[in-house]
Amino acid sequence: MIVNDEGRAEGPRDARSPAAPSVAATSQSAIAHLVGQDVRVLQFGCGAAAVAEALAARGCRVVAVESERSDAALTAAFAEHVVLADPEALDYFDRIEGGAFDVILFVDFLEIASRPDVVLERATTFLNGGGAAVVALRNQASAAVRRALLTGSSPFQRRRAPYRRRALFTLETARELLAAAGLAITHVDRIEVDSPDGAAESESLPAALEQWLSSQPEAHTYQFVFRCVPAPLQRAERHPDAMARPAGPPEDPVARLQAQTLIELDARIRELQELLQSERQAMQSEKARLQGERVAIESKLREVQEDKQRLHALAQRQAALIRVYEQSRAVKVAGTIRRAEAMILRAEATILHAIRSRGQ
């Protein structure tokens, strides 16, 4: 999705784009629209053959500067001339042919340049009198980039050469870079994603931290696309041989931004760690309480089991005593005596009955 500098969402401007384009297709559409039609373009790119193709389809005549040999071969199909450049050096400017251009375009190039400010300012010298610059810059403050840094993974495409220096920009540092090059911003498009990528990484982050990442300004912005024009007053104030004179080590705005971002994230992480520690202590206390209750219950169960065993033993003993009692000699003698007494009583009754019979 494209969001312009007035905050309005716009669909892809290229009629050939699908209804739900990828982020790359949306970015190419925004870039092509800001470049225009039937203009001469000096394109600085890293794997930007698709952009060159889109511009050629709009009647643009492209001279391209590419950082990778394989990408240069692809871009050559849509460009009048291709210069293979080392982004760590500046010697490729002497090999750019074609005179003045209507538009200078940067796509994923300033991010790998050792001195993006110098590259941008030197490139503006190739603009004609009414020319403009279109600069596409990846967003350092996106949730996807911050999430990748926190989880230790790379926020960059893995197909790029691993040795390339990588730099990203926030809206603020991008504006500072363009202003330092003597460019005045006339329009900004934001290439947004509805759901920032990194679902796998987000599973390893606390929910509170993930919510904080998604709620930050520009969290859903994948890329900024600026259209700029030279600001004569700003450029006149610069020293005429500023490009030739070696400058002292400048403050790296990307490093400063990264340090600031890391400080903010570190503070937030410490806050979340304290919260997690408090919750962990509460859970440990609850666990200790439940374990105490479990021990007490198990103790009661053991006591009940022991009482049951004692009662069973007592019952068995009582039954044994009864059996012994019934089988003892004394019991047998007492039984005999009781039987004899019964016989005597019956005999007495018989004698008495006989005496009474005789008397009658």
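The values are calculated or read from the model by the stated rules, or taken from the named source; none is laboratory data. If you're wondering where the values come from, they're calculated on a predicted model, not measured in any experiment. A quick note on method: Cβ atoms are made from the backbone with ideal geometry, for glycine too, and the neighbour counts reach across all protein chains shown.
Residues in the stretch 63-77 that are among the β-branched types (V, I, T) and in a strand (DSSP E or B): 2 in all. Restricting attention to the stretch 253-281, the residues that are hydrophobic (A, V, I, L, M, F, W, C) and either modelled with pLDDT under 75 or not in a helix (DSSP H, G or I) (or both) total 8. Filtering the stretch 40-62 to residues that are aliphatic (A, V, I, L, M) and either closer than 12 Å to I104 by Cα or part of a helix (DSSP H, G or I) (or both) leaves V41, L42, A49, A50, V51, A52, A54, L55, A56, A57, V62.
The listed residues are G47, G11, and the only one of them that is at positive phi and at pLDDT below 90 turns out to be G47. Could you list, in sequence order, the residues of the stretch 82-124 that are surrounded by fewer than 14 Cβ atoms within 10 Å (Cβ to Cβ) and over 41 Å from the mean Cα position of the chain (by Cα)? Within the stretch 82-124, D94, R95, E97, G99, A100 meet the criteria. Within the stretch 78-108, the set of residues being part of a strand (DSSP E or B) and in contact (Cβ under 8 Å) with a residue 60 or more places away in the chain comprises F101, D102, V103, I104, L105, F106, V107. Look at (1) over 21 Å from T124 (Cβ atoms); (2) at pLDDT 85 or above and you find that V229 fails only one, number (1).
Table: residues versus (1) modelled with pLDDT of 90 or more; (2) in a loop (DSSP other than H, G, I, E, B).
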{"residue": "R122", "(1), (2)": "yes, no"}
{"residue": "R147", "(1), (2)": "no, no"}
{"residue": "Y163", "(1), (2)": "no, yes"}
{"residue": "D197", "(1), (2)": "no, yes"}
{"residue": "A208", "(1), (2)": "no, no"}
